[in-house]
């Protein structure tokens, strides 16, 4: 009987081996790109804010402007041209754009998209706080009136996807007023865009499937993937096995460095995206000992920047971080030159500590890290070791994100040190610096420093109001230098997102810096990718 | 009223009371754990005004009792609210994701019964031989390692080193099966697509086995120890002395009384798998309710947390009632005690 059982098991395995390739084969000529992200993608463009939301938005919808490739700034997209006097912006739209539904894209759609985003009040709608009114002057002309001069406005338009008004109005759900639910229910599972890819299906637990839009106004190259499967919530072990088996094409950026390294060792390509994100170690400037600038300077100089980038190194040439020069990552308008990379200076740290009004033996620094980001624990331990070298005691504390976000709303509850990854959501320096360092923005997860400095405020306000890029760059560079003097933050490194990719796909935006978009997430523009099979 | 019906009525009333208690408890717990659900839902970039507006829309600015009253009123209309995680009605999420979990749990349950019980019987029948020792070792391994460890080991062995089984999802991308019941094994048959059925069955093997291994171990070990104990009872000796065949003694006199504790444990394991499936679902990218439950807890999605917990509790209670009825059917003493009461 036992012998029979063994035979049956062996037979089952053999049968399985014979059947397995047949069962998993797709036997289809179409090219399929399989990508994943940890968080579920939000399909409604008015609510988009995360990475996956952005990738969906950039492929399914279009915006008035597009980020430049290989340089900061924006270029015309749906808008052919625009004029401005600082407070009003008048855009001339292309006349050859149609939505995926076949409806023509007009100025009315732009007005509707803005009104909808403002009414829903979620996602990145706060970027448009300065916009008072949007009007359609004619079918192809739209005018934005702002309450004040606001230079980052043009970049903010990268986050205003244009939705098909007619289609949305046909699918309004229950709600109050004429606009009912503004189509929120319908747009959470359907799309009303003009983008290069159409949504075929959307299952928030599993994946969003997208197909080529053959009528896209810029055309979709034949080599671009026919179908894209954007998968959600895959475990690192699963992604690793899927890529090794040739059943997945591009991982999320959240794979641990060891897994990325192992995949690279097996022949996977490492794709990188950089330019508008940084890892910031923030000090609460309202509490002892960091209410004394000398103490802040001491720990800033004691931090081992080289060790920090080693922690996130994937291979000898690819890392999830490169040394920072200041508050703005390299590639962002106003970033300090690459020659000014911040380095460890232990002697300088000791000298600054000697000038601090607090005695080292009386100091016990609370080093917090976010529970959902295990990598931060390694940095907390690195800091503990670094600070001990100049005689400072410290205590490592773990905070869940939800608790951390609440704690930082009051300076007295904010830890001495917080670790945060921040990116410029429009690629503009304003979206990175204003929220972190302007006095009016203190007390959020981005600004646990509670920095109050008139000079920084003045420079950040200037960056918002002057229009010439050179003047803006100068204002932000000066603000960067001032921030280095004040040292409210340890600028640990400029963040690089690293993705493991199969060799079936070419992603020029992530391998050739001259083709890289200056906006995070936009490098996943599927129509510019090439499938090799 | 027949004894079994009386037992059923009793159990249903108790279950309802438990369910009401669970709803109150989870409703309160979900709201007192740290973190503002509106802030989490809107993301780190949301302004204070946006957060306040969403809190108002979710009625989070109202007293807890008022919130619970609103919840009960909505629930009576079959409305569990909108999930902040998926932006869809929680009822729709549950309807979409529950069948995937149930299918996985049923498959694991079947494996547990089909492998666990025979292994236990085999072990008891050949106790203290190499067969018994081997079964005990294997079942000990099954019990001692959690399901997610088995999930990763099985994935490594049968999907990575020997690429025999698929590792993600419920069916290959090439099949488009219309959802009728939500159970893919059933829907593929209803669609008359044999290849798709085989493909779906092939997809469920590893996750179901990983989920079932602990239960298989428990069922086998318990069945073995119960049968060994039963074999030492005088009535077995009497049956042996009468010269009854071994098979008859094992099946009729030893197995049936030994089954009662095993059945209780299998029932509990079966119900517990509903909650424990989340790690297996995560490893195998199985789009089920358990994985959804964990995702919504991490995002403090209040409506979805309450909805998921209520559904899993209800399933747990239903399975317990079924097990109680089965045991009453097998064990005449329980039936008799019901008749007495």
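When you check residue B:98 against the structure, is it part of a helix (DSSP H, G or I), buried (at least 17 other Cβ atoms within 10 Å of the Cβ) and more than 14 Å from chain A (Cβ to nearest Cβ), yes or no? Against the criterion (part of a helix (DSSP H, G or I), buried (at least 17 other Cβ atoms within 10 Å of the Cβ) and more than 14 Å from chain A (Cβ to nearest Cβ)), residue B:98 does not qualify.
When A:447, A:514 are screened for being outside any loop (DSSP other than H, G, I, E, B) and either modelled with pLDDT under 95 or under 30 Å from residue A:252 (Cα atoms) (or both), only A:514 passes. Between A:260, A:218, A:255, the distinction of being outside any strand (DSSP E or B), within 14 Å of residue A:59 (Cβ to Cβ) and more than 13 Å from chain B (Cβ to nearest Cβ) belongs to A:218 only.
When B:198, B:156 are screened for being surrounded by fewer than 16 Cβ atoms within 10 Å (Cβ to Cβ), more than 27 Å from residue B:271 (Cβ to Cβ), at pLDDT 95 or above and within 11 Å of another protein chain (Cβ to nearest Cβ), only B:198 passes. Residues that are over 10 Å from residue A:34 (Cβ atoms), within 9 Å of another protein chain (Cβ to nearest Cβ) and touching a residue at least 12 places away in the same chain (Cβ under 8 Å) within region A:240-252 comprise A:240, A:244, listed in sequence order.
The single condition among (1) touching a strand residue (DSSP E or B) at 6+ places or on another chain (Cβ under 6 Å); (2) within 14 Å of chain B (Cβ to nearest Cβ); (3) surrounded by 22 or more Cβ atoms within 10 Å (Cβ to Cβ) that residue A:142 does not satisfy is (2).
Checked against (1) assigned by TED's automatic domain parsing to the domain that holds residue A:317; (2) touching a helix residue (DSSP H, G or I) at 6+ places or on another chain (Cβ under 7 Å); (3) surrounded by fewer than 17 Cβ atoms within 10 Å (Cβ to Cβ), residue A:488 passes all but a single condition, namely (3). Test residue A:210 against the criterion of being away from chain B (no Cβ under 14 Å), more than 21 Å from residue B:83 (Cβ to Cβ) and not in a helix (DSSP H, G or I), and give yes or no. Judged against the criteria, residue A:210 is not a match. Residue B:307 - would you say it is crowded, with 23+ Cβ neighbours inside 10 Å and either in contact (Cβ under 8 Å) with a residue 60 or more places away in the chain or assigned to a loop (DSSP other than H, G, I, E, B) (or both)? For residue B:307, the condition - crowded, with 23+ Cβ neighbours inside 10 Å and either in contact (Cβ under 8 Å) with a residue 60 or more places away in the chain or assigned to a loop (DSSP other than H, G, I, E, B) (or both) - is met. Return the residues of region A:88-105 that are within 25 Å of residue A:210 (Cβ to Cβ) and more than 29 Å from the chain's Cα centre (by Cα); say none if nothing qualifies. Within region A:88-105, A:96, A:101, A:102, A:103, A:104 qualify.
Determine which single condition residue A:148 fails, assuming it passes every other condition in (1) farther than 30 Å from residue A:465 by Cα; (2) in a loop (DSSP other than H, G, I, E, B). So the condition that residue A:148 fails would be (1).
For region B:270-299, taking the residues that are part of a loop (DSSP other than H, G, I, E, B) and surrounded by fewer than 24 Cβ atoms within 10 Å (Cβ to Cβ), the one that is nearest to the chain's Cα centre (by Cα) is identified as B:287. Looking at region B:126-245, the helices (runs of 4 or more DSSP H) lying wholly inside it that each contain 1 or more residues that are within 21 Å of the chain's Cα centre (by Cα) sit at B:130-144, B:147-155, B:184-190, B:194-231. Taken together, the residues in region A:300-330 that are in contact with a helix residue (DSSP H, G or I) (Cβ under 9 Å, 6 or more places away or on another chain) and not in a helix (DSSP H, G or I) amount to 19. For region A:36-54, taking the residues that are under 20 Å from residue B:169 (Cβ atoms) and away from every other protein chain (no Cβ under 11 Å), the one that is surrounded by the most Cβ atoms within 10 Å (Cβ to Cβ) is identified as A:37.
Residue-wise test of (1) within 14 Å of chain B (Cβ to nearest Cβ); (2) assigned to a loop (DSSP other than H, G, I, E, B); (3) at negative phi; (4) without any contact (Cβ under 8 Å) to a residue 60 or more places away in the chain.
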residue: A:172; (1), (2), (3), (4): no, yes, yes, yes
residue: A:181; (1), (2), (3), (4): yes, yes, yes, yes
residue: A:186; (1), (2), (3), (4): yes, no, yes, yes
residue: A:189; (1), (2), (3), (4): yes, yes, yes, no
residue: A:192; (1), (2), (3), (4): no, yes, yes, no
residue: A:200; (1), (2), (3), (4): yes, no, yes, yes
residue: A:222; (1), (2), (3), (4): no, yes, yes, yes
residue: A:225; (1), (2), (3), (4): yes, yes, yes, no
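For region B:6-27, indicate whether the set of residues that are under 27 Å from residue B:275 (Cβ atoms), within 14 Å of chain A (Cβ to nearest Cβ) and crowded, with 17+ Cβ neighbours inside 10 Å is non-empty. Checked region B:6-27: no residue is under 27 Å from residue B:275 (Cβ atoms), within 14 Å of chain A (Cβ to nearest Cβ) and crowded, with 17+ Cβ neighbours inside 10 Å. Selection of first residues in region B:127-138 that are farther than 16 Å from residue B:250 by Cβ and of second residues that are surrounded by 15 or more Cβ atoms within 10 Å (Cβ to Cβ), restricted to Cβ pairs under 7 Å at least 6 apart or on distinct chains, gives the following pairs, ordered by first then second residue: B:136/B:123. Among residues that are within 8 Å of chain A (Cβ to nearest Cβ), part of a helix (DSSP H, G or I) and more than 28 Å from residue A:206 (Cβ to Cβ), residue B:50 is included. Annotation: residue A:294 fulfils all but one of (1) in contact (Cβ under 8 Å) with a residue 40 or more places away in the chain; (2) surrounded by fewer than 22 Cβ atoms within 10 Å (Cβ to Cβ); (3) closer than 24 Å to residue A:499 by Cα; the unmet one is (3). A count restricted to region A:58-85 and to residues that are over 22 Å from residue A:332 (Cα atoms) and either in contact (Cβ under 8 Å) with a residue 60 or more places away in the chain or touching a helix residue (DSSP H, G or I) at 6+ places or on another chain (Cβ under 9 Å) (or both) stands at 8.
From A:384, A:320, A:330, A:407, which residue is within 14 Å of another protein chain (Cβ to nearest Cβ) and either at negative phi or surrounded by 14 or more Cβ atoms within 10 Å (Cβ to Cβ) (or both)? Sole residue among the options that is within 14 Å of another protein chain (Cβ to nearest Cβ) and either at negative phi or surrounded by 14 or more Cβ atoms within 10 Å (Cβ to Cβ) (or both): A:407. Between A:113, A:155, A:101, the distinction of being in a helix (DSSP H, G or I) and out of contact with any strand residue (DSSP E or B) (no Cβ under 7 Å at 6 or more places or on another chain) belongs to A:113 only.
Quick grid of which residues meet (1) assigned to a helix (DSSP H, G or I); (2) at pLDDT below 95; (3) more than 20 Å from the chain's Cα centre (by Cα):
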position	(1), (2), (3)
A:419	no, no, no
A:427	no, yes, no
A:431	yes, yes, no
A:462	yes, no, yes
A:473	yes, no, yes
A:478	yes, no, yes
A:492	no, no, no
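Restricting attention to region A:337-350 and to residues that are more than 15 Å from residue A:485 (Cα to Cα) and either in contact (Cβ under 8 Å) with a residue 60 or more places away in the chain or over 35 Å from the mean Cα position of the chain (by Cα) (or both), the residue that is surrounded by the most Cβ atoms within 10 Å (Cβ to Cβ) turns out to be A:350. Can you tell me which residue in region B:65-80 is nearest to the other protein chains (Cβ to nearest Cβ), limited to those that are in a helix (DSSP H, G or I) and surrounded by fewer than 12 Cβ atoms within 10 Å (Cβ to Cβ)? Of everything passing the filter in region B:65-80, B:73 is nearest to the other protein chains (Cβ to nearest Cβ).
The values are calculated or read from the model by the stated rules, or taken from the named source; none is laboratory data. A quick note: this is a predicted structure, and the numbers were derived from the prediction, not measured. Glycine also receives a Cβ, built like all others from the backbone with ideal geometry; neighbour counts cover every protein chain displayed.
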